[in-house]
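What follows is calculated from the coordinates using simple rules that are stated; it is not laboratory data. Small disclaimer: the values here were computed from a predicted structure and weren't measured. No Cβ is skipped: glycine too gets one built from the backbone with ideal geometry, and neighbour counts run over all protein chains shown.
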Amino acid sequence: MRRALGPGAALALVLACGTPAPPAPPPSRSPAPVVATAPDAAPALVESDAGAGPPTSTPPASELLRDGFERRLAERVLPRARKPRSPARAVVSKDPGRARYVFDDERLRVLVWADDAALWETPIAPTPLTRWPVKPTGKERVTVGPGAFLESKGEKNGFVKVAADDETFGVEGWVPKAKVGRAYTPAPLPDVQGIDTWVLDSQAWVLERPGGARLGRLLDTAGPQVEVQALVDSPTWMVEIAYRSDSLLVRGFVPKTALSVPSPSGYGVGYGRVGKKNPPEETLTFPAGACLYAEPWGEVVGVLRLPFTDTVHIESGERAAWRQIAPQWTGTEVWLPREGASPTPPEGSKTPLSLAEGFSCGAAPKR
């Protein structure tokens, strides 16, 4: 028979032990929480899209290629493509000696690996261009920024001699080697406040000062009307001007005769495509939404956003159910299942497939 505690004994027990705690739950069988850490080659993110769940070292292509990837991925590279030059591409990941980027246009979106040799060098930050391999003085007339195309001409004392351009204006000079890379984060150059806008003559050299050294000139690839800002209302025959783009700033002098009033005009340029010719072959149209593989039964690296027609090699053996395409404008080769392709282009919408929610792939052909 249990004996009831008296009031004094109950008070002593409370003072000694405090308020009684509820019974402890049984030990959990769940594993300890995992703390996510960034992989060595993780993409530089501007905003987080991470959700709940266990971390993964490399998100699948269906996640990486969702609409809005340009905002999520901070870094860019400049692929060395045939003319016209490829625009900057968003970087997904980097390994020593190579980078993986997103090729995107209305026709397809795909992940592409490129070795450093296949990427342009570029400034990794706005950097003054000096005439000699010495530290900048702060009075330099040219600044090259991230996204400018650099061609190395030699090295000395920790500096690199480069030919730099933005596809419109070309300059030469020296930049610190530590300021040159291949992956970069866009950064704005200083604004220029001019008093007038003029069109620069395509043959005119911009000089450091009247009668001074040449800074640079327009390239043959420049458009018919390249505008510059006059910085002062010069009473002399030489005018101080500034040329500014997203990746190049040049301040110098040109003769008044090299400037003209802007006038409405325009022109267009088209480029063809040379297809592969490896008989036997067939012409097929692959549907929008078709997944792109790095190799048969391999990693999914992209998706078609519009129907894509190409003349392709007819594979045999274990790859007979696959076809390879190599669009010149992507700089890569990818594989698609033959099933689902049509010998005639389909009729229908020309609106690119939305990837706002990513994409999914059906079963790959059986081996």
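Contact order for region 196-260, expressed relative to its length and based on alpha carbon pairs under 8 Å spaced 6+ residues apart, stands at 37 percent. Over 27 Å apart at the Cα level, from the set LYS153/LYS179; LYS94/LYS350; LYS94/LYS179; LYS94/LYS139, are LYS94/LYS350; LYS94/LYS139.
Taking a sphere under 11 Å around the Cβ of PRO176 and counting the other residues whose Cβ falls inside, with K and R at +1 and D and E at -1, yields a net charge of +2. Available extension along the chain between ALA320 and ARG80 is 83.1 nm, counting 0.36 nm per residue and deducting the alpha carbon span. For region 47-185, the square roots of the Cα gyration tensor eigenvalues, ordered a ≥ b ≥ c, give a/c of at least 1.5 with a/b greater than b/c, which places it in the prolate category.
Subtracting the Cα-Cα distance of CYS361 and LYS177 from 0.36 nm times their residue separation leaves 61.8 nm of extension gain. The chymotrypsin sites (Phe, Trp or Tyr not before Pro) of region 199-267 that DSSP puts in a loop, and whose beta carbon has at most 13 other beta carbons within 10 Å, are TRP237, TYR267.
Note on region 196-260: Cα convex hull, mean projected area over all directions, 4.2 nm². With K and R counted +1 and D and E -1, the other residues having a Cβ less than 13 Å from that of PRO188 yield a net charge of -1.
Taking Cβ atoms as reference points and 14 Å as the exclusive limit, the residues near GLU106 contribute a net charge of +1, counting Lys and Arg as +1 and Asp and Glu as -1.
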